[in-house]
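Nothing in this text is a laboratory measurement; each read-out follows from the coordinates by a stated rule. Everything numeric in this text was worked out from a predicted model, so none of it was measured. A quick note on method: Cβ atoms are made from the backbone with ideal geometry, for glycine too, and the neighbour counts reach across all protein chains shown.
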Amino acid sequence: MKKSFLDEKYRPTGESVLKESKISIVCGLLSILLFGLLVWLSFRAGGNAGKYLGFIGWLLVLSAGIGEYYAVVGFGQPGGRVNAKVCGALLNGVVIIMLTVTFIRGIL
């Protein structure tokens, strides 16, 4: 029986974590840390921090968006660990949901 490239043994990304998944996980963790910092600074300033916390919020949106993009790209790549792909997508998805809820609460 002839071995082919499609066999698990010869796949270069058989059980490794893909670069896209790593970027997605790092962006998700950075987003969660930034969100915690944002909430802490907001309580510390008594809700009057203004432009500075708004800028951190936009960095948070940017980080979560980039992480979610790389998570979706990672799902399209063959091979790699599925747990890392799902972890990156969930981390960034949770951050985006938290930001959406915070935005809607701010409007109401």
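Translational diffusion of the chain was estimated from the Stokes-Einstein equation, with Rh taken as the Kirkwood radius over Cα pairs; at 20 °C and 1.002 mPa s the coefficient is 139 µm²/s.
Rounded to whole numbers, the Karplus 3J(HN,Hα) couplings from phi for the range 32-38 are 5, 5, 5, 5, x, 5, 4 Hz, using 6.51 cos²θ - 1.76 cosθ + 1.60 with θ = phi - 60°, and x at Gly and Pro.
For helix 51-76, report the angle its Cα long axis makes with the longest principal axis of the Cα atoms of the chain; keep it between 0 and 90° and round to the nearest 10°. Its long axis makes an angle of about 20 degrees. When the alpha carbon coordinates of the range 17-71 are projected onto the principal axes, the ranges are 42, 15, 10 Å, largest first.
Dipole magnitude for the chain: about 160 debye, using +1 per Lys or Arg Cβ and -1 per Asp or Glu Cβ, origin at the Cα centre.
Once the C-beta distance of Ser16 and Asn48 is scaled by a Förster radius of 35 Å, the resulting FRET efficiency is 0.15 to the nearest 0.05.
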